[in-house]
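Chemist: Mind having a look at this structure? Questions to follow.
The values are calculated or read from the model by the stated rules, or taken from the named source; none is laboratory data. Model, not experiment: these values are computed from the prediction. All Cβ positions, glycine included, derive from the backbone under ideal geometry; neighbour counts span all protein chains shown. To get the accessible areas, we keep the full protein, side chains included, count just its heavy atoms, and leave off ligands, DNA and RNA. Shrake-Rupley method; radii C 1.70, N 1.55, O 1.52, S 1.80 Å.
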Amino acid sequence: MGSVDEERSLLEAELNQAESNGLYTGDGSVDFNGNPVLKQTTGNWRACPFILGNECCERLAYYGIAANLVSYLTKKLHEGNVSAARNVTTWQGTCYLTPLIGAVLADAYWGRYWTIAAFSTIYFFGMCTLTLSASIPALKPAECVGSICPSATPAQYAVFFFGLYLIALGTGGIKPCVSSFGADQFDDTDPNERDNAGWGIGFGIPALFMGLAIGSFFSGTALYRFQRPGGSPLTRMCQVLVAAFHKRSLKVPEDSTLLYETGDKHSAIEGSRKLEHSEELKCLDKAAIVTDVETKSGDFSNPWRLCTVTQVEELKILIRMFPIWATGIVFSAVYAQMSTMFVEQGMMMDTKIGSFTIPPASLSTFDVISVIFWVPIYDRIIVPIARKFTRKERGFSELQRMGIGLFISVLCMSAAAVVEIRRLQLAKELDLVDKQVAVPISILWQIPQYFLLGAAEVCTFIGQLEFFYDQSPDAMRSLCSALSLLTTSLGNYLSSFILTLVTYFTTKGGQIGWISDNLNEGHLDYFFWLLAGLSFLNMLVYTLCASRYKQKKAS
């Protein structure tokens, strides 16, 4: 027995020596078999191309559907403008809600690797189902005959939405994990690694790329670094609340070192560094008070009665991040217009450039072009200039970057409203108000609103991802990534809710309403101004919340 203990001690000593020499990672990451990993043969940029390939193909598959979905619903399934937009935003909302499922599975049970693998497969089956629904004649409604357009049958709707929502489930295991899994490939305890900066065919091509995404992801298995699952973060939060309530009558000691924490350098939470005590929300510190009974018995093992400071700080961090998180919902409602109302607006504009016809959904390409344009401009020009004034390594903090994006989103919706005002004026001048036909104003006038939305996306979404990854506790990074994605989900649901309210109130008394099936009769510009106003108010609230935020401190 002694020899086994001696061998174990020797092994631990060798590992500690190797870690101190910098041979192994210092952030607790392991290889596929659960063993400590050598820095020279795993992780870093050598592993990232496989993860990036998975993310790139998954995003291509997702946007290949999202950008064209409103057109498919109106033209092929013969839905009205409001119904189609509502279905799109509800589906997109679900796509950003399911990451909560994937995050809990990744952080608590499976780890990020197996979560990505399982849900990518579900995603692929959903893509195949959607492709079949758009390819097989029996699974889609007949074409319109004149003005008579037959509705889809319940069975046709069932197959289409089954595939669509399988995709929503599949993306739930990829979105919260893939960015964090990529970041896991860099040891943040090593300064050298930290901070390196036809419809059937239309659905079939993204399905093909989703298959390539799965292949790309599995190809890099031997090179990946893995973070051990730290147990359910939801359970740990409940333990803090229960323990604090149980000790609600006790007084928190003035000296925070008297609060309970493990004695060794590692946290009691698997895969997490210790967090330093903060002075906010002291009522939660009661969960870490060591009572006389616990001291006498020497039993500190019941987490429902006694929690570590790190465990308490995890919950504090989430509470502090909540106001910042909540202000992302309105921005996501604005972003949802790119695949709904922007497309419907473009369908009522002149889409011809000479002999070439521009599909309205393809204008979202300018959002991508804007992102590609602004990312290097931001990193190579704006950040160095800002760094001279702010003295911050990244030029702007994540919070400042997000605030800039919220301001740009106000400009984006204002630009969309101005274009719609001009389109409606032209429709009136040419006596096209009562006719459901495109107005002869070039669809290229939509480019500024897409370009502004791309700039806002670079600031807000990237800043949001950086903020939630940097500020989240180590063992809750997938959950926090999922929470950042939840703002997109709720933003899409908010967009659906606003559409419902606007339709209800503006069609009272037999009125046409702001958003009618014939947009020439409506006032889509009022809807865009409404979102611009909500975005401005949201920016003011965000500014107040961001100015009061306290940063995380990890040991």
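Chemist: How far apart, in nm, are two points set 7 Å out from the Cα along the Cα-to-Cβ line at ILE353 and at LYS508?
Modeler: About 4.4 nm separates the two model spin labels.
Chemist: With all protein chains present, calculate the accessible area of VAL433 using a 1.4 Å probe and round the result to the nearest 10 Å².
Modeler: Approximately 50 Å² of VAL433 is accessible to the 1.4 Å probe.
Chemist: Still on this structure, please answer the following. Percent of accessible area on the stretch 316-548 owned by carbon and sulfur, 1.4 Å probe? Working shown, then result.
Modeler: Working: 6880 of 9890 Å².
Result for the stretch 316-548: 70 percent of the exposed heavy-atom area is carbon or sulfur.
Chemist: Report the FRET efficiency, 1/(1 + (r/R0)^6), for ASP379 and SER547, where r is their Cβ-Cβ distance and R0 is 35 Å, rounded to 0.05.
Modeler: Details: r = 25 Å, r/R0 = 0.73.
After rounding to 0.05, the efficiency reads 0.85.
Chemist: Would you pull out the residues with amide H under 5 Å of VAL439's amide H, same chain only if 5 or more places away, H placed 1.01 Å from N?
Modeler: Those qualifying (amide H under 5 Å, at least 5 residues apart or on another chain) are MET349, ASP350.
Chemist: Might you tell me the accessible area per residue for the stretch 316-548, computed with a 1.4 Å probe and given in Å²?
Modeler: On the way: 9890 Å² over 233 residues.
Accessible surface, normalised per residue, equals 42 Å².
Chemist: Pairs LYS388/LYS550; LYS75/LYS435; LYS247/LYS274: which exceed 21 Å Cα-Cα? Could you put the intermediate results ahead of the total?
Modeler: Values: LYS388/LYS550 24 Å; LYS75/LYS435 17 Å; LYS247/LYS274 23 Å.
LYS388/LYS550; LYS247/LYS274, as the Cα separations exceed 21 Å there.
Chemist: Moving on to the next point. For every other residue with a beta carbon closer than 15 angstrom to the beta carbon of VAL240, add +1 if it is Lys or Arg and -1 if Asp or Glu, then tell me the sum. If you can, show how the numbers build up before the last one.
Modeler: On the way: positive: ARG236, LYS247, ARG248, LYS282, LYS286, ARG305, LYS316, ARG320; negative: GLU261, GLU280, ASP285, GLU313, GLU314.
Every neighbour counted, the sum reads +3.
Chemist: Size of the dipole of the stretch 233-312 about the Cα centre, Lys and Arg at +1 and Asp and Glu at -1 on the beta carbon, nothing else charged, in debye to 20? Display every interim value, and only then the final one.
Modeler: Details: 11 positive and 12 negative charges, 53 e Å.
That gives a dipole near 260 debye.
Chemist: Starting with the highest mean, order 166-172, 116-122 by the number of other Cβ atoms within 10 Å, averaged over the residues of each peptide.
Modeler: Working: 166-172: 24.6, 116-122: 21.0.
Descending packing order for the listed peptides: 166-172, 116-122.
Chemist: Could you give the dipole magnitude of the stretch 340-405 about its Cα centre, charging the beta-carbon of Lys and Arg +1 and that of Asp and Glu -1, in debye to the nearest 20? Don't skip to the end; give the middle numbers.
Modeler: Values: 8 positive and 6 negative charges, 113 e Å.
The dipole magnitude comes to about 540 debye.
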